[in-house]
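Input: a single structure, listed below in structure tokens.
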Amino acid sequence: MDIKSLNDVPAFTTKDGSEIRELLAHRNSVIRNQSLAEARVPVGGSTLEHYHVKTEEIYYITAGNGRLRIENDTCEVNSGDAIAIPPGQKHKIWNSGHETLKLLCCCAPAYEHSDTVITET
């Protein structure tokens, strides 16, 4: 049985600047074709706009609220929202709330720095 606790996995910074804790992926579990991580964006913070060449993502907001842009569409996101992000679509998320924005990031195939293309400086 392969179980990981959020408190036991180290944080690292992704290429887009977000702090994540990778719960399950090929790097630390028996999972081979996807990954699950918790990302945190501090109050007033944001990720860099980016896209993934191969990876599709699902963001699931677990705490806080923010603003999300996918390509030319921008909307408010709140705890309980699930967002689909197809491969090749530029996206960025801002924390517009008063607490740390926390979201689960499900990636298939698994997140890799090499699959992330930054589109802003």
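The values are calculated or read from the model by the stated rules, or taken from the named source; none is laboratory data. Quick caveat, the model's predicted, so the values are computed rather than measured. Neighbour counts are summed over all protein chains in view; Cβ atoms, including those assigned to glycine, are modelled from backbone coordinates with ideal geometry. Surface areas here come from the heavy atoms of the whole protein model, side chains and all, with no ligands, DNA or RNA. Shrake-Rupley method; radii C 1.70, N 1.55, O 1.52, S 1.80 Å.
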Positions within region 1-29 being in contact (Cβ under 8 Å) with a residue 60 or more places away in the chain and acidic (D, E), in sequence order: D16, E22
Selection within region 78-101 - closer than 24 Å to K54 by Cβ and either in a strand (DSSP E or B) or open to solvent by less than 50 Å² (accessible area, probe 1.4 Å) (or both): A82, I83, A84, I85, G88, H91, K92, I93
Matching residues, region 102-115, being surrounded by 14 or more Cβ atoms within 10 Å (Cβ to Cβ) and either touching a Phe, Trp or Tyr at 6+ places or on another chain (Cβ under 8 Å) or without any contact (Cβ under 8 Å) to a residue 40 or more places away in the chain (or both): L103, L104, C105, C106
Number of positions in region 31-62 that are under 30 Å from M1 (Cα atoms) and of a type outside the set (D, E): 16
Breaking point among (1) hydroxyl-bearing (S, T, Y); (2) open to solvent by 60 Å² or more (accessible area, probe 1.4 Å); (3) closer than 16 Å to I118 by Cα, for T74: (3)
Qualifying positions in region 29-51 - exposed (fewer than 15 other Cβ atoms within 10 Å of the Cβ) and among the charged types (D, E, K, R): R32
Looking only at region 1-28, and only at residues there that are touching a Ser or Thr at 6+ places or on another chain (Cβ under 9 Å) and open to solvent by less than 40 Å² (accessible area, probe 1.4 Å), the one that is farthest from I61 (Cα to Cα): A25
